[in-house]
Every structure is written in C-alpha cells, then in structure tokens.
1. Note the angle between two axes, namely the Cα long axis of helix 260-270 and the longest principal axis of the Cα atoms of the chain, as a number of degrees from 0 to 90, rounded to the nearest 10.
2. Can you tell me the relative contact order of region 137-283? Whole percent, Cα pairs under 8 Å, sequence separation 6 or more.
3. For residue 52 and residue 152 in one chain, what is 0.36 nm times their gap in residues minus the Cα-Cα distance, to one decimal in nm?
4. How far apart, in nm, are two points set 7 Å out from the Cα along the Cα-to-Cβ line at residue 302 and at residue 211?
5. Using Cα pairs under 8 angstrom and six or more residues apart, how large is the relative contact order of region 38-160, in percent?
6. With each pseudo-label sitting 7 Å past Cα toward Cβ, what's the residue 31-residue 160 distance in nm, one decimal?
7. Between (1) 1.09; (2) 1.18; (3) 0.95, which matches Cα Rg over 2.2 N^0.38 Å calculated for the structure shown?
8. Relative contact order for the chain: what is it in percent, counting Cα pairs under 8 Å that are at least 6 residues apart?
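None of the figures in this text is laboratory data; all of them are computed from the coordinates on show. Owing to the predicted nature of the structure, the values given are computational and were not obtained by experimental measurement. Quick reminder, even Gly has a Cβ in these numbers, built from the backbone with ideal geometry, and neighbours come from all protein chains shown.
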C-alpha cells in the first residue's frame with residue numbers, strides 16, 4: 001500500500017488563515033491520500049535559535065513531511081525552521097516579510113502586486129475551502145446575502161445598504177433569500193432592515209445572525225444557491241462565492257479611499273466576474289462566471305507538477 005502524502009500545516013490560530021490552508025490541503029487531498037498534521041506555532045519561542053540549530057520541537061514524534069504549509073506572518077520563520085529540521089518543501093500562502101526565494105513556493109493574491117517569479121503563484125484572491133456544486137433548478141430559486149461591516153477600508157451606511165437589499169428583493173421575486181451577517185456587522189442592523197421591508201419582502205427573506213452559523217455554514221449555503229450579493233468590504237466572501245460558481249453581486253459600502261483590494265474588486269467587475277449592485281439594478285442582469293474560480297485546485301496541480309518529487313507524485317496514481 002502506498003504511503004500518504006505527509007503535510008505539516010503550521011497555523012497561527014487565525015480563522016481566515018486556517019481557511020486558506022484548509023482550501024489548499026483539501027485540494028491536495030482530492031488528488032492523493034494525505035496525512036495532515038496541524039501544528040500551532042503562534043506561541044512558539046526561540047524560533048530563530050531553532051532555525052540556527054536545525055531543531056523544531058513541535059515536530060517531534062511526527063513523520064517527516066513532504067510538504068510544509070504556512071499562512072500568517074507568525075508562521076514564516078517556523079516554516080523555515082521546520083524544513084531545516086525535518087525536510088520537505090515549503091509552501092507559504094501570502095506575501096512573505098522574508099525574501100521570497102527562501103521558500104519553495106509562495107501563493108500570493110494579485111492585489112498584493114508582486115512581480116512574477118519562478119516560485120510564485122499569483123491567485124485571484126486568497127485560497128478558500130469552498131467547492132462548486134452542480135447547477136440545479138432548486139439552486140435557481142434561492143439566493144444569499146452576505147453582509148459585512150465597518151472595516152479599515154470601508155465605513156457603514158445602514159440606510160443605503162437596506163435600500164440596496166430591498167431593491168434586489170423587489171427585482172428578484174422568483175427567489176427566496178437567506179441573509180447572514182458577520183462579526184463586524186452592527187448589532188441593530190437586522191432589526192433596522194426588518195423595519196424597512198414590507199410583508200411580502202420579509203416573507204422571502206430568512207435572516208440568520210453570524211453567531212448562529214456553525215463553521216462551514218456559508219459554504220453549505222453557497223452550494224444551495226445560484227446567486228449571492230456580498231458587501232464589498234467582505235472580499236474573502238466575494239472570492240468564496242466565485243469559487244462556488246454562483247453569480248455574484250456586490251453591495252456598495254462607503255469607501256475610505258482606494259486600496260489594493262478595491263482595485264482587485266474593480267478588476268473582477270471589468271472582467272465580468274462580479275456585478276456591482278447599481279449595474280444590476282439598471283440592467284437586471286447578474287451573469288454567472290464562465291466557471292468556478294478553482295484557485296486551490298490550480299495551486300494543487302502546480303505543486304504536484306513542479307514541486308514534488310516524482311516518487312511523491314506517484315501516490316496520486
């Protein structure tokens with residue numbers, strides 16, 4: 001029996017970073033038997049000394065890795081220390097603060113504006129663990145609202161947001177909609193929205209606060225709908241929706257200025273992958289993407305084709 005691919009996942013305890021790593025690991029798992037070892041390095045001390053001495057205490061007793069995957073700034077040096085102590089190839093899911101050449105592969109979203117390099121994959125957005133579901137008539141009768149909140153790049157205008165949601169409900173009467181919030185959404189938003197909607201609109205909208213949604217809930221909902229409207233501050237949710245293969249509308253939020261992330265969102269609209277809400281309301285058109293945005297799968301293919309040794313790749317056979 002062939003041995004599985006051994007992956008050490010170095011984590012810093014941040015849910016968003018965990019989601020990115022999980023997306024790549026699950027894409028690898030779809031190609032080959034895989035043995036995953038999650039190692040939290042957030043509180044690791046003496047990392048530089050560990051690297052100098054070729055030691056990595058959190059890896060003791062674990063099988064030697066084929067791949068070491070890290071996401072988050074606190075995983076950079078531990079990733080190099082683990083490689084020096086135990087071997088394997090390093091994969092970093094972000095633009096590093098250390099030289100890119102120190103890592104075997106860096107997977108970096110295009111909004112970080114890095115120049116192409118031999119050991120860099122530039123992706124549209126960060127990776128995620130969402131997978132696309134097949135089209136169905138049931139999905140065509142359902143839609144999803146994903147609401148964020150104030151952030152570093154965006155403010156909050158409750159009345160404007162409620163008007164956009166109401167306008168979508170009136171335009172898309174054939175769908176039943178589910179709406180969820182995030183940790184950044186103001187506490188009184190759902191009550192404010194309900195007070196502005198009419199009875200018919202309320203009957204076609206189910207609201208579920210973020211604190212009532214378990215892990216994986218958004219991915220399950222995206223698999224059950226064919227359209228999603230996402231507030232533009234929630235860029236990760238935009239890319240998860242595209243990965244699910246659904247038509248994506250973008251709800252406007254007040255902008256504090258231009259950012260690299262916003263430029264990336266405008267590029268998605270220019271490429272026909274997302275539709276800003278005002279454009280949808282003017283035309284009634286919300287085209288789906290030509291296909292799911294399968295960036296995790298593209299990265300997994302690259303890793304097997306270019307990074308892993310032939311003996312390791314043969315496990316996928």
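1. Helix 260-270 sits at roughly 60 degrees to that axis.
2. 32
3. Working: separation 100, 0.36 × 100 = 36.00 nm, distance 3.75 nm.
Length gained, residue 52 through residue 152: 32.2 nm.
4. 4.0
5. Once normalised by length, the contact order is 16 percent.
6. 4.3
7. This structure yields the entry labelled (1).
8. Working: 583 pairs, mean separation 56.1, N = 317.
Normalised by residue count, the contact order of the chain is 18 percent.
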